[in-house]
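Notes for the one structure printed next.
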Amino acid sequence: PKEILLADYAAYPFAIDTIALTFKLSPAETIVTSKLSCRRLGQASTVLELNGGPYMSLLSLHMDGVLLEAEKDYDLSEEHLRVYNAPKSFELTVVTSINPQENTRLEGLYLSSGNFCTQCEAEGFRHITYYPDRPDVLSVFSVRIEALMEDYPVLLSNGNPAGAGEIAGGYHYAIWNDPHPKPAYLFALVAGNLACLTDKFHTSLGRDVTLNIYTLEKDQAKCDYAMGALKRSMQWDEETYGLAYDLDVYNIVAVSDFNMGAMENKGLNVFNTKYVLASPDTETDTDFAHVEGVIGHEYFHNWTGNRVTCRDWFQLSLKEGLTVYRDQEFSSDMGSRVIKRIDDVKALRAAQFPEDAGPFAHPVRPEKYIEINNFYTATVYNKGAEVIRMMATIIGQAAFRKGMDLYFERHDGSAVTCEDFVQAMEDASGFDLRQFRLWYSQAGTPEIKVDVKKGQGSKTILSVSQTVPSTPGQDMKKPMVIPIVMGFATEHGDCLSAQGLSSNIRPLGNGSFLLMMTQGADEFTFEGVEPTAVPSLLRGFSAPVEMETTLSELQQYFILNFDTDSFNRVEMSDLLLKKEVYKIAEQIEASQTKTVSNKLIKSLGQCLEAYERDPALISSILSMPSENDCISSMKRLSIDAVFEARQFLGKKIAHRLRKSLQSVYLSSRSAAKSLSLKGDKQAVHFRRLQNVCLSYMAKTGGHAENRLIVDQFQDSTTMTNKLAALQALVHSSIGKRKQLIRHFYKAYRKDELVVDKWFAAQALSTHENVHSEIALLQNHRDFSYTNPNRIRSLIGMFTMGNLSAFHRRCGKGYEILANAILKLDDINPQVAARMLTPLGRYHKLDKERQVLIGKQLKRILAKEGLSKPVYEMASKAYE
Ligand code: HT7
Ligand code: ZN
């Protein structure tokens, strides 16, 4: 397969001013007529090249009303339609036929629960009609949809409604006009039998907008939260960035068969049901948070992505990194800023750091790809958001807002690059961001080392060095700009007496400082810092780096107990827990007796006792680092020892803090209950703590604890508690375990999203026979390779969330995954390729396991007719 290179970018030689589409919808054969008004730009080529795909037939082609002849007037290959002798301006009419019913790839036009829907990003529109399917070709779309009225009463597309009516034979039609020129990836169409929740929003510019959320009838009752989130998003964007909505309707449609989370099509967002439906009895608190975040994300795309879009797909982070940053800030403003940051950094470390450290590493702005769908990655999205966040930190919030204003002023209505964004920030702030731009072009997570020294007199010197590891295709790295936010923690808050700062330090006015690292090694000097103050470094995770410090253990515990920056208290508990895991792992490897630090247990116990002030924070301080976290930052140890050590430490904490855990469990449980009756949002924080306690309590296997698990499972009215109990139950050896798991299924079998949770909970099982349990679940009547949510729940959870089971020495985990990928490759290559991620994370594994993974990759690569997306991922992993 061919590599596409950023360096090869060339503007499209034609303008498509308007496109008028007519769809005659039918499941087995839909006819699409597309009228393009085309204009040749300058003296460029007279060959009009349109993208197409193998799942579509060309029925006819006319230029200015004249039928064109194959080979003489045009050529058709599997991927292109080339029309010769294009005049200066002309109208081209393309008629194609497609089969939505057979479309299991879920891109282009397909069916979900019998309803028509589309997914065009990145390159799905080319499976609907021949068109310049690239983000820099913007056109004004008008759409006419015709379908059987009884089966498809709702007919939707982008923009504003412009007419509807009946036609003979039980058919009807609807017309939609979108006044905003847009690239084809933002096109959408939905037709079906859908119920609708309606509301209104009045914009700051005086526009009355109708808001609709369409779902299957049975799901209508679960849309209120999403509607509220949409209105909060609209309000927030007006207040924060002065950005108002620009159409008369905002439609959201939720479908169960969807390759990703949601899609920001102009005026017609299509969502995975997982990110719309929310009811406390079937969705967890985390689900609610995700719904709010994703609703916000897609709404914010209306400006960052739709009004200003990407010139080419290498610039994907222009819209995705920026929009993730915006949705993170929105959620922070709606709830707890620090908890949101803790969770976001956890997600970055879980998905992006391993990506940056392995064979799939690529810059935030990649330079080449075979399959663009493989580049909707944690690097482009989450590291991209961190890059935006760092810019905001460096230039300050006020200048960042000015930069955003300038960006829209310059680029509204056009397709631009990441460079254009940085330029706007640079021009608005007056900061020199030349070196900063390396964050877009250099892959790899920088590693910094901080050495704290006392100098002459009252001087404190921080010596910081950085290295950026080499990544595929990038051996030599330049030093990056790294903004390090820090303060000096004392028992009574931040030390405020620091002065005499070197020129590379900026006081932030809140007791914190911004250290601007720009070289391989930098020194930062302070004077007058209290002698006992402890540096609290990288507050709020001000840069996406790995950090090592020379802080003593005493100082680390000091940060855990006293830092004013709650984020860093959690960071420190995480670090101390991981250090303890590694110490125990070393003892295991040396066949020594395993020991656990009393100091660590005591500190965690103290935090736990003081839970009332901030239950969510304490729940994070107490949480064990994940298996993934533990192996990501381990050095030289074997994963077997690390997994065993992690389990051992978890059990020890559970036993040693047994009494406190039980009592905090009971009090947070009742606090959550009474707050929730009052409709107080704090209930979520108490539930979070309650369930962290429960997960520790489960590790004791004690009679009283098991009783509490079963009680919670049977009595809880919220899915948050029910699922936490189910998870504990799955891991346990409680007698009724199997029966209760079955009971859960029976109670919720009609609710797909809950059944997903049921599959996921079992995929995380720590039981010895987990591989055979997975095999059984793959044969369950509700398991299906055509539904991406189901695949992610079972296969995704097992391979990415249950590492000790996935990496068992027998290699069965790898075989299970390879088998699933091979099957899925014929059904949905995009999802199959994503599932391959864990097979690229072998750099911390021993030789034997690497060989076993290599064997499976070879099997995958040997498949005849292997899809392009899977080929790209498997060959990179195999290299
Ligand atoms: N912009 C969208 C990215 C996307 C996508 C969504 C659904 C299905 C397939 C997709 N391919 C790419 C989602 C977003 O970031 O908002
Ligand atoms: Zn997005």
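Compute and list, largest first, the equivalent-ellipsoid semi-axes of the range 309-441 from the alpha carbon gyration tensor, each √(5λ) rounded to a whole angstrom.
Numbers: eigenvalues 99, 81, 35 Å².
Values for the range 309-441, descending: 22, 20, 13 Å.
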### Message
Just to be sure I understand the curve: with the Debye formula and one point per C-alpha of the range 356-416, what is log10 I(q)/I(0) at q = 0.14, 0.16, 0.20 Å⁻¹?
### Response
-0.56, -0.70, -0.91
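At a 1.4 Å probe radius, carbon and sulfur cover how many percent of the accessible area of the range 309-441? Walk me through the intermediate numbers first.
Numbers: 1930 of 3860 Å².
On the range 309-441, the fraction of accessible area on carbon and sulfur atoms equals 50 percent.
For the range 125-179, what does the accessible surface come to per residue with a 1.4 Å probe? Please give it in Å². Working shown, then result.
Details: 1990 Å² over 55 residues.
That works out to 36 Å² per residue.
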### Query
Which value in nm describes the separation of the simple spin-label points at E166 and T593, placed 7 Å from the Cα toward the beta carbon?
8.8
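Determine the percent antiparallel among the DSSP beta bridges restricted to the chain, to the nearest 5. Mind dumping the intermediate values first?
Numbers: 106 of 131 bridges.
Here the share of antiparallel DSSP bridges comes out near 80 percent.
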### Query
How large is the accessible surface per residue of the range 309-441, computed with a 1.4 Å probe and reported in Å² as a whole number?
29
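Take peptides 323-329, 656-662 and line them up by average Cβ neighbours within 10 Å, highest first, as a rough protection proxy. Please list the in-between numbers first.
On the way: 323-329: 23.9, 656-662: 18.0.
Taking the mean over residues of other Cβ atoms within 10 Å, the ranking is 323-329, 656-662.
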### Set of aspartates and glutamates near K459 by C-alpha distance (under 15 Å), chain-local residues within fewer than 8 positions excluded
D451, E523, E527, E530
### Query
Using the Kirkwood formula over every pair of different C-alpha atoms, what hydrodynamic radius in Å results for the range 4-193?
17.0
### Message
Stokes-Einstein diffusion coefficient for the range 749-879 at 37 °C in a medium of 0.692 mPa s, Rh from the Kirkwood formula over Cα pairs: what value in µm²/s?
### Response
222
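Using only the Cα atoms, what convex hull volume per residue in Å³ does the range 158-281 have? Intermediate values should be presented prior to the final figure.
Values: hull volume 17.1 nm³, N = 124.
Hull volume over Cα atoms, normalised by residue count, gives 138 Å³.
Using r as the Cβ-Cβ distance of I827 and A221, and R0 as 25 Å, what FRET efficiency do you calculate, to the nearest 0.05? Walk me through the numbers on the way to the answer.
Details: r = 32 Å, r/R0 = 1.28.
Approximately 0.20, to the nearest 0.05.
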### Message
How big is the dipole moment of the chain about its Cα centre under a simple scheme where the beta carbon of each Lys and Arg is +1, that of each Asp and Glu is -1, and everything else is neutral? Debye, nearest 20, please.
### Response
3180
### Task
Excluding V140 itself, calculate the net charge of residues whose Cβ lies under 9 Å from the Cβ of V140, where each Lys or Arg counts +1 and each Asp or Glu counts -1.
-1
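Let's test the formula: R0 of 25 Å, r as the Cβ-Cβ distance of M516 and T550. What FRET efficiency results, to the nearest 0.05?
On the way: r = 21 Å, r/R0 = 0.83.
Approximately 0.75, to the nearest 0.05.
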### Summary
Going through K368/K876; K477/K578; K35/K88; K651/K722 one by one, the pairs whose alpha carbons sit over 19 Å apart turn out to be K477/K578; K651/K722
## Note on the structure
Taking alpha-carbon centroids only, the range 159-224 lies from the range 767-814 a number of Å equal to 38
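Subtract the Cα-Cα distance of V47 and E609 from 0.36 nm times their separation in residues, and report this length gain in nm to one decimal. Could the numbers behind the result be given before it?
Numbers: separation 562, 0.36 × 562 = 202.32 nm, distance 7.38 nm.
The V47-E609 span can extend by a further 194.9 nm.
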### Cα radius of gyration and Dmax for the range 394-459 (Å)
17.3, 59
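Remind me, what semi-axes does the chain give for its equivalent ellipsoid, largest first in whole Å, using sqrt of 5 times each Cα gyration tensor eigenvalue? Each step should come with its number before you reach the end.
On the way: eigenvalues 420, 217, 147 Å².
With the √(5λ) rule applied to the chain, the semi-axes are 46, 33, 27 Å.
Packing-wise, with mean Cβ within 10 Å as the measure, how do 208-214, 691-697 rank, highest first? Walk me through the intermediate numbers first.
Working: 208-214: 19.3, 691-697: 24.6.
Order by mean packing, descending: 691-697, 208-214.
I'd like to compare 604-615, 867-878: which one has the highest average count of other Cβ atoms within 10 Å, and what's the full order after that?
Values: 604-615: 17.1, 867-878: 21.0.
Ranked from most to least packed, the peptides come out as 867-878, 604-615.
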### Query
Tell me, what is the percent relative contact order of the chain, built from C-alpha pairs under 8 Å that lie six or more residues apart?
8
### Query
Scattering from the C-alpha atoms of the range 516-626 alone, worked out with Debye: what is log10 I(q)/I(0) at q = 0.09, 0.10 1/Å?
-0.30, -0.36
### Query
Please state the equivalent ellipsoid semi-axes for the range 447-550: what are the square roots of 5 times the Cα gyration tensor eigenvalues, largest first, in whole Å?
26, 13, 12
### Query
Within the range 511-531, whose backbone N sits under 15 Å from a point 7 Å along Cα→Cβ of S497?
526-531
### Summary
Result for the range 447-550: accessible area per residue, probe 1.4 angstrom, in square angstrom, of 45
### Task
Just report the Cα centroid separation between the range 446-523 and the range 68-114, whole Å.
56
### At R0 = 60 Å, FRET efficiency that the Cβ-Cβ distance of T286 and K72 yields, to 0.05
0.50
### Message
Longer than 30 Å from Cα to Cα, which of K2/K858; K218/K673; K383/K454; K449/K681; K182/K218 are they? Say none if no pair is.
### Response
K383/K454; K449/K681; K182/K218
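The values are calculated or read from the model by the stated rules, or taken from the named source; none is laboratory data. This one's a predicted model, so the numbers in the text were calculated from it and none came from an experiment. Cβ atoms come from the backbone with ideal geometry, glycine included; neighbour counts cover every protein chain shown. Ligands, DNA and RNA are stripped out before the accessible areas are found, and what is left, the full protein with its side chains, is counted by its heavy atoms. Shrake-Rupley method; radii C 1.70, N 1.55, O 1.52, S 1.80 Å.
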